[in-house]
1. Rounded to whole Hz and in sequence order, give me ³J(HN,Hα) for the range 351-360 from the Karplus expression 6.51 cos²θ - 1.76 cosθ + 1.60, θ = phi - 60°, writing x for Gly and Pro.
2. Cα-Cα over 22 Å: which of K124/K157; K40/K314; K287/K314?
3. Based on the mean of other Cβ atoms within 10 Å per residue, sort peptides 145-157, 297-309 so the most packed one is first.
4. Where the centre of each part is set by its Cα atoms, how far does the range 67-96 sit from the range 123-146, in angstrom?
5. Quick one: dipole size for the range 208-282, taken about the Cα centre, charges +1 on Lys/Arg Cβ and -1 on Asp/Glu Cβ, in debye to the nearest 20.
6. Just to check I understand the Karplus step: with θ = phi - 60° and J = 6.51 cos²θ - 1.76 cosθ + 1.60, what whole-Hz values come out for the range 117-126, glycine and proline as x?
7. Counting other beta carbons within 10 Å of each Cβ, put F311, F270, F247 in order, fewest first.
8. Please list, by residue number, everything in the range 15-29 whose backbone N is under 14 Å from a paramagnetic label point 7 Å out along Cα→Cβ of A81.
Amino acid sequence: MTAVTGNILNTQTHILKIELEPNDTQQLANLCGLHNDHLKLIENRMNVIIRNRSNQFQLAGEQNRVRAAANLLESLYLEAASTELSPEMIHLHLQESGIEELEQQTQQDSEGAADSIVTLRTPKGTIKPRGPNQQRYVRTVLTNDINFGVGPAGTGKTYLAVACAVEALTNDEVRRILLVRPAVEAGEKLGFLPGDLSQKVDPYLRPLYDALYEMLGFEQVARLIEKNVIEVAPLAYMRGRTLNNAFIILDESQNTTREQMKMFLTRIGFGSTAVITGDVTQIDLPKGQKSGLVHVLDVLGDVDGIGVTRFESKDVVRHPMVQRIVEAYDKHETEARIQEDAERKARAEARMKAQAEAIAQNTQQAQPVKDSSDHE
């Protein structure tokens, strides 16, 4: 790498030149994408300028962004030798690079974080959390008995919880995995549905099953369920049980009531780890009923031994459009909340003013009328 500092458009700009080896035309075309779409995506997301001639690249921008972009190009070029790159893969690598935190962290902070990257090993492959927040989330799960992963869909909170559970089971750290989810759509009353318990709750646990199949394989998952090593159950069936030496995942926990959340947390026994995931913006409880997830975060947020990781739209690792959708909804809900608060305040002030006027009028009417004869 060759680095120089220049002045472009009166802005202090760092210029970095790199040469990617080997100089392979097909590999370079795979890296750059059709019409350089991959390079344009990296430019837009990382706020840098990328120019290349064959395998020689020149990057310009802020120093920390330029170095991060250069590292990303080198990583993608290695992958381009054996894998057909796509915009989705570029997006995932961008998330992994931690670009959203570049403005808040020095380059030394980024290098220090890279030294402690956590990976999860499952029978079907190694899973590497993408981005700083996913890394923090996994570290938190590995070091705390009770953990909360809170944030929008697509941030990997449930998928990584399953990966942690599979690794713990594979390493004999726990004896079984329990997958739990509140069946709000059925009002927690599953008795009228056809089939056994597993068949009744399968539709609600499908995302968890999909992750298990990917990490263990379909046949192995089926065997473990048959042996009750992996157990699926609706939240209502947890009452009265004590769960020892287990890895327990409560998904969609925003749809628990306060009583259900307390009941679930008090089921956790010795040698167990619990991960509670949810999105507080997607509550399906009846109107007026407070979410158990919202309540428990207020109650237990500062308790030692309980880990809380909050994800944001920038942590979404699905299609880039999903991230923009989440951000748009967040903005709309924030504006609606501000307007609602302002209207509530205005109504309260109007009531107080009306009450003050009524009191003043009543006071005036209650004053005695003076008789002129008193002065005679």
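Computed from the coordinates by the stated procedures, all read-outs in this text should not be read as laboratory data. All figures in this text were calculated on a predicted structure; none of them were measured in a lab. Neighbour counts are summed over all protein chains in view; Cβ atoms, including those assigned to glycine, are modelled from backbone coordinates with ideal geometry.
1. 5, 5, 5, 5, 5, 5, 5, 5, 5, 5
2. On the way: K124/K157 19 Å; K40/K314 19 Å; K287/K314 29 Å.
Over 22 Å apart, Cα to Cα: K287/K314.
3. Working: 145-157: 23.2, 297-309: 13.6.
Descending packing order for the listed peptides: 145-157, 297-309.
4. The range 67-96 and the range 123-146 have Cα centres separated by 21 Å.
5. Values: 7 positive and 9 negative charges, 100 e Å.
That gives the range 208-282 a dipole magnitude of about 480 debye.
6. 5, 9, 10, 10, 9, 10, x, 9, x, 9
7. Working: F311 23, F270 9, F247 27.
Lowest to highest Cβ neighbour count: F270, F311, F247.
8. Residues 20-28 fall inside that zone.
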